[in-house]
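Step one of this worksheet: look at the structure below.
The values are calculated or read from the model by the stated rules, or taken from the named source; none is laboratory data. Small disclaimer: the values here were computed from a predicted structure and weren't measured. As a convention, Cβ positions derive from the backbone with ideal geometry for all residues, glycine included, and neighbour counts pool all protein chains shown. Calculation scope for accessible area: heavy atoms of the full protein, side chains included, ligands and nucleic acids excluded. Shrake-Rupley method; radii C 1.70, N 1.55, O 1.52, S 1.80 Å.
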Amino acid sequence: MAMNSTPSASGPAISLKSISRHYGAITAVDNVSLEIAAGGFVALVGLSGSGKSTLLKMINRLVDPSAGEVLIADENVEAFDPHVLRRRIGYVFQNIGLFPHMTIARNIAIGLELAGQKNGDRDGRQERVAELLELVELPQEMANRMPHQLSGGQQQRVGVARALATRPGLMLMDEPFGALDPVTRDSLAGQYKALHEKLGLTTIIVTHDMAEALYLADRILVMEDGQIKADATPAELLSGGVGDEAEALVAIPRAQAAHLIALGQTDGRKST
């Protein structure tokens, strides 16, 4: 499968063909068709319960569609065992999920072990861990620490390193920076964007933060009631005219920015 190899110019293309997901009488995702170009950085935004995370999880079979098909690099994901498929796709989520009883090095290398890189290639694993620590800008001495000895931002960097260990071309991210303080969140988001470009990844990120989506993504999908209500570039969203759902989301960072500007002008008048 193409996504199992080292990415070249870009990761794999994604194709969703009329996918739906039902939970009893509840429809989480409703007949969505979507093409994501290789190398794209796509953000899924929308209110809670709009179907964003369910849509994301159907790509790596954490959730299977009730109807429709998911293709990665022109291959149907249902042709692969879910566990094998997930080892070939990077996945980063808000709660990080580091194994508390394992060192940072072991946490990063666990995907390599599961993929078959056993003790006979210990040197290769150690080399890859060192490479990944450097990639996510963590000092090498952290390899032997335990997760509880790291800050939240450092742990999330480890989560990104672990997701990249097997050299996937595709990264799925579900609110990866949501639990971090604003300064750390902004720093990590910028660092990941640079990694996306450097490694030629295809990235799909779920976020509630519209400002984050506008900053990171080259394409934003606005979801509501399990459907995609808007599909536009950040510039198109900011210019308006792409639907009420999108406009309501964009209005939040726009109002915040206007409020900050007004505060600055008020402070300036007070100081004169």
| remark: What helix-only [θ] at 222 nm does the chain give? Using -39500 (n - 2.57) per DSSP H run of at least 4, over all residues, to the nearest 500, the answer is -13000 deg cm²/dmol
| message | Under 8 Å for C-alpha pairs, at least 6 residues apart: give me the relative contact order for the range 122-218, rounded to a whole percent. | response | 26
| note | Pseudo-spin-label distance residue 30 to residue 266, built 7 Å along Cα→Cβ, given in nm, is 4.1
| note | per DSSP, antiparallel bridges as share of beta bridges in the chain, % nearest 5, sits at 55
| note | Largest fluctuation, 151, 66, 50 only, Gaussian network model of the chain with Cα springs under 10 angstrom, belongs to 151
| task | Work out the FRET efficiency for residue 137 and residue 244 from their Cβ-Cβ distance, taking R0 = 41 Å, and round it to the nearest 0.05. | result | 0.50
| message | Through the Karplus equation 6.51 cos²θ - 1.76 cosθ + 1.60, θ set to phi - 60°, convert the phi angles of the range 160-172 into ³J(HN,Hα) values in whole Hz; use x for Gly and Pro. | response | 5, 4, 4, 5, 8, 4, 8, 6, x, x, 10, 10, 10
| field | Nonlocal amide H pairs with residue 66, under 5 Å, H built at 1.01 Å | value | 20, 21, 22
| remark: Result for the chain: accessible area per residue, probe 1.4 angstrom, in square angstrom, of 47
| request: Could you tally the net charge around residue 239, taking each other residue with its Cβ under 12 Å from the Cβ of residue 239, Lys/Arg +1 and Asp/Glu -1? | output: -1
| Contact order relative to length of the range 6-58, as percent, for alpha carbon pairs under 8 angstrom and 6 or more apart | 33
| query | Using r as the Cβ-Cβ distance of residue 99 and residue 64, and R0 as 25 Å, what FRET efficiency do you calculate, to the nearest 0.05? | reply | 0.45
| Ignoring ligands, DNA and RNA, what percent of the accessible area of the range 57-216 is carbon or sulfur (1.4 Å)? | 48
| message | Could you derive backbone 3J(HN,Hα) for the range 195-209 from the dihedral phi with the Karplus parameters 6.51, -1.76 and 1.60 (θ = phi - 60°), listing whole Hz in sequence and x where the residue is Gly or Pro? | response | 5, 3, 6, 5, 8, x, 7, 9, 10, 10, 10, 9, 8, 8, 8
| field | Relative contact order [Cα under 8 Å, 6+ residues apart], the range 208-272, whole percent | value | 24
| Looking at the chain, how many pairs of lysines come closer than 26 Å at the Cα, when each pair is eight or more places apart or spans two chains? | 9
| note | Karplus ³J(HN,Hα) for the range 40-57 (6.51 cos²θ - 1.76 cosθ + 1.60, θ = phi - 60°; Hz, whole; x = Gly/Pro) runs x, 10, 10, 10, 9, 10, x, 5, 4, x, 7, x, 4, 5, 4, 4, 4, 5
